[in-house]
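The values are calculated or read from the model by the stated rules, or taken from the named source; none is laboratory data. It should be emphasised that the depicted structure is a prediction, and the values quoted were computed from it without experimental measurement. Using ideal geometry, Cβ is built from the backbone for each residue, glycine included, and neighbour counts are taken over all protein chains shown. Side chains are part of the model used for accessible areas, which takes the heavy atoms of the whole protein and leaves out ligands, DNA and RNA. Shrake-Rupley method; radii C 1.70, N 1.55, O 1.52, S 1.80 Å.
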Amino acid sequence: MDKSKKILLFGGSGQLGSQMCRLWSDLHVTAPSRSEIDVEDRAAVERAVAAADPDVVINCTAYNDVVRAESEPERAFAVNAFAVDSLSRICAGRDCTFVTFSTDYVFDGTQRRPYVEGDAPNPATGYGISKLAGELLTLRRASPAFVIRTCGVYGTRVSSSKGYTFIDRIIAQAKAGEPVRIVDDQVVSPTYAGDLAVAVRALLEANPEPGIYHAVNEGAVSWYEFACETLRQAGIEAAVTRISSREFGSAVRRPAYSALENAKLNAIGLSLPDWRSGIAAYLRDRREIEKGASRP
Ligand SMILES: NC(=O)c1ccc[n+]([C@@H]2O[C@H](COP(=O)([O-])OP(=O)(O)OC[C@H]3O[C@@H](n4cnc5c(N)ncnc54)[C@H](OP(=O)(O)O)[C@@H]3O)[C@@H](O)[C@H]2O)c1
């Protein structure tokens, strides 16, 4: 990317935003924290954008709590829809490229092949509905905006809303000798945030037609298979028990099949590593971070 371009990034403390800050350190990135700028505060966002005068605004913020979004949809909409609308409106007024992220949960999961960008959304959860609203509010504007749908994001930084990452929890449970019980009836495209950050940069550099793009580690896998492969690559021997979503007992019915295909990225010659390589990259980066933390 042209290094003179100024990037203003919201959500820099999250799984994805933190990887962008880490991997794009050669670019001119400003990432105000949530305590500095709350994206729900439109006036504060406007002031931040005016002060930074960015060429690109990247929104990595989210209300990601799928269970709570059922009981407090207004909170999910405040961050995932109305704040996204404000950001896209502010960017459109300044001719600044806007990049925001959406989810596989915009699909109902009744399909049995990976969803492509042109498939019809039909979200079944409050979270998915709020994210689809954010997509639509962004895309109705003519200014350059990229809505990047991704799936099952995991990173080296713990998501503050969840307090844990799925992959960390599997490893911790297995190491502690606790039972590892994982659903095998949800098929997804789990995506390492580091690989996604690299792909988003490549997309911006390619500068294709704006719109919706899917960006996931390639392939479709159940959470059970993903857990088994994670433990295999981490060199941890542990029994993993397959359970059904019903046995898991979540208050929210998640899509049974929400793998995504990077159809539009592939069409412009871009791709992400497959899901197994995503795990390998995550484990490598985690080791590096742990090594750095233990250095005197
Ligand atoms: N995680 C997944 O499995 C998944 C799957 C599909 C799509 N996505 C999408 O991918 C994107 C990145 O997700 P992620 O996993 O990186 O999220 P994350 O780790 O939960 O991070 C969310 C970020 O948003 C910030 N934030 C939340 N509310 C805010 C507000 N009102 N004002 C300012 N900042 C606020 C958080 O700040 P604090 O840390 O200070 O709270 C944090 O930096 C999101 O659009 C998400 O919906 C994620």
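Looking at this structure, is Ala197 open to solvent by less than 40 Å² (accessible area, probe 1.4 Å) and either more than 24 Å from Cys21 (Cα to Cα) or within 19 Å of the chain's Cα centre (by Cα) (or both)? Against the criterion (open to solvent by less than 40 Å² (accessible area, probe 1.4 Å) and either more than 24 Å from Cys21 (Cα to Cα) or within 19 Å of the chain's Cα centre (by Cα) (or both)), Ala197 qualifies. Checking each residue in region 152-178 for being in contact (Cβ under 8 Å) with a residue 40 or more places away in the chain, of a type outside the set (S, T, N, Q), open to solvent by less than 50 Å² (accessible area, probe 1.4 Å) and within 22 Å of Cys21 (Cβ to Cβ) picks out Gly152, Val153, Tyr154, Gly155, Ile167.
Among residues of region 245-260 that are at negative phi, those with a Cβ under 9 angstrom from a residue that is open to solvent by 40 Å² or more (accessible area, probe 1.4 Å) and at pLDDT below 90, sequence gap 6+ or separate chain, pair up as Ser245/Arg253.
With respect to the stated conditions, Tyr154 is among the aromatic types (Phe, Trp, Tyr) and over 21 Å from Met1 (Cβ atoms). What tally of residues in region 117-132 results from selecting those that are open to solvent by less than 40 Å² (accessible area, probe 1.4 Å) and farther than 20 Å from Val79 by Cα? The total comes to 2.
Restricting attention to region 39-84 and to residues that are among the aromatic types (Phe, Trp, Tyr) and part of a helix (DSSP H, G or I), the residue that is least open to solvent (accessible area, probe 1.4 Å) turns out to be Phe77. Of all the listed residues (Leu16, Leu9, Leu23, Leu87), the sole one being buried (at least 23 other Cβ atoms within 10 Å of the Cβ), in contact (Cβ under 8 Å) with a residue 60 or more places away in the chain, aliphatic (A, V, I, L, M) and within 22 Å of Tyr154 (Cα to Cα) is Leu16.
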